[in-house]
1. Find how much the distance from residue 56 to residue 113 grows on full extension, using 0.36 nm per residue of separation minus their present alpha carbon separation; answer in nm with one decimal.
2. Take the Cα of residue 144, step 7 Å along the line toward its Cβ, and report every residue of segment 175-196 whose backbone nitrogen sits under 16 Å from that point.
3. Report ³J(HN,Hα) in whole Hz for each residue of segment 117-129, in order, from the Karplus equation J = 6.51 cos²θ - 1.76 cosθ + 1.60 where θ = phi - 60°; Gly and Pro get x.
4. Would you mind working out the accessible area per residue for segment 1-147, using a 1.4 Å probe, and quoting it in Å²?
5. When the chain is fully extended, how far beyond the present Cα-Cα distance does residue 123 get from residue 136, taking 0.36 nm per residue of separation?
6. Which of the lysines could a cross-linker bridge to residue 147, judged by Cα under 16 Å and excluding same-chain residues fewer than eight apart?
7. Compute the long axis of helix 18-27 from its Cα atoms, compare it with the longest principal axis of the Cα atoms of the chain, and write down the angle in degrees, 0 to 90, nearest 10.
8. Please report the relative contact order for segment 19-140, taking Cα pairs under 8 Å with a sequence separation of at least 6, and give it as a percent rounded to a whole number.
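The values are calculated or read from the model by the stated rules, or taken from the named source; none is laboratory data. This is a predicted model, so every value here is computed, not measured. Here the Cβ is made from the backbone with ideal geometry for all residues, glycine too, and neighbour counts use every protein chain on show. Areas reflect the complete protein model, heavy atoms only, side chains present, ligands, DNA and RNA absent. Shrake-Rupley method; radii C 1.70, N 1.55, O 1.52, S 1.80 Å.
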Amino acid sequence: MSNSKRLRVAIQKSGRLSKESQSLLKLCGVKINWNEQRLIAYSENMPLDILRVRDDDIPGLVFDGVVDLGIIGENVLEEQELGCKFAGVGVQYKMLTRLDFGACRLSIALPRDVPYSSIEDLKDARIATSYPNLLKRYMQQQNVPFKNCLLTGSVEVAPTAGLASAICDLVSSGATLEANGLREVEVIYQSKACLIQRVAELGEEKQALVDKLLTRIQGVQQANE
Ligand code: PRP
Ligand code: ZN
Ligand code: MG
């Protein structure tokens, strides 16, 4: 657990949330001298440090209290929380606020020329995904058995490569699906970025800083509405 006097915030190093996580902090008045190569950045005007990590590592860092705050997609958070739940492990964190960026959806997609009428068509299909738990929950709710094919990247290539007959991956603009000859047939989860805090007490000063940041974030988001 981090007991540093400085607030530790984990954000995505590179990917769909990085730029907007950085600009949100900037809009909240946090001054940081960003250096592409450096994975920890120190604020010059607040007792706050930024850890730049892989998005998939952020929920665990917050659950374990290694960092105080994390900016993460609900998709990654919910996937990992579900994974722990399925494994019988409890997780704890505080949801501070949903953020107004990082919108995307988790969808099932099929090759464009494969006919589709309902989820029943996917009975016993092999589906490639990096989100096995969200997919499993959805398919269980629909009562449709399927076979999981876990890929941590380039999921869209699975049907062409003969690894699976369908995929379940994030869609934002839809350009990746289009470029790989796939079409979206079911939306299973809608996601945005969110700000989470560890459950372990932060101490008065750090908590006061968190409250101040949260108020500023709400101000920034209202101004954007
Ligand atoms: C996601 C997803 C798709 C792509 C879809 O990857 O895995 O490949 O974005 O976006 P589009 O609909 O705009 O084409 P991304 O690299 O953003 O996330 P990840 O690195 O966490 O998998
Ligand atoms: Zn990722
Ligand atoms: Mg990807």
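1. Values: separation 57, 0.36 × 57 = 20.52 nm, distance 3.31 nm.
Answer, rounded to one decimal: 17.2 nm.
2. Backbone N within reach: 183-189.
3. Ordered by residue, 3J(HN,Hα) equals 10, 7, 4, 4, 4, 9, 4, 6, 6, 8, 10, 8, 7 Hz.
4. Working: 7400 Å² over 147 residues.
Dividing the accessible area of segment 1-147 by its residue count gives 50 Å².
5. On the way: separation 13, 0.36 × 13 = 4.68 nm, distance 1.28 nm.
My answer for the length gained is 3.4 nm.
6. 123, 136
7. Relative to the chain, helix 18-27 is tipped by roughly 30 degrees.
8. Details: 72 pairs, mean separation 19.3, N = 122.
Answer for segment 19-140 is 16 percent.
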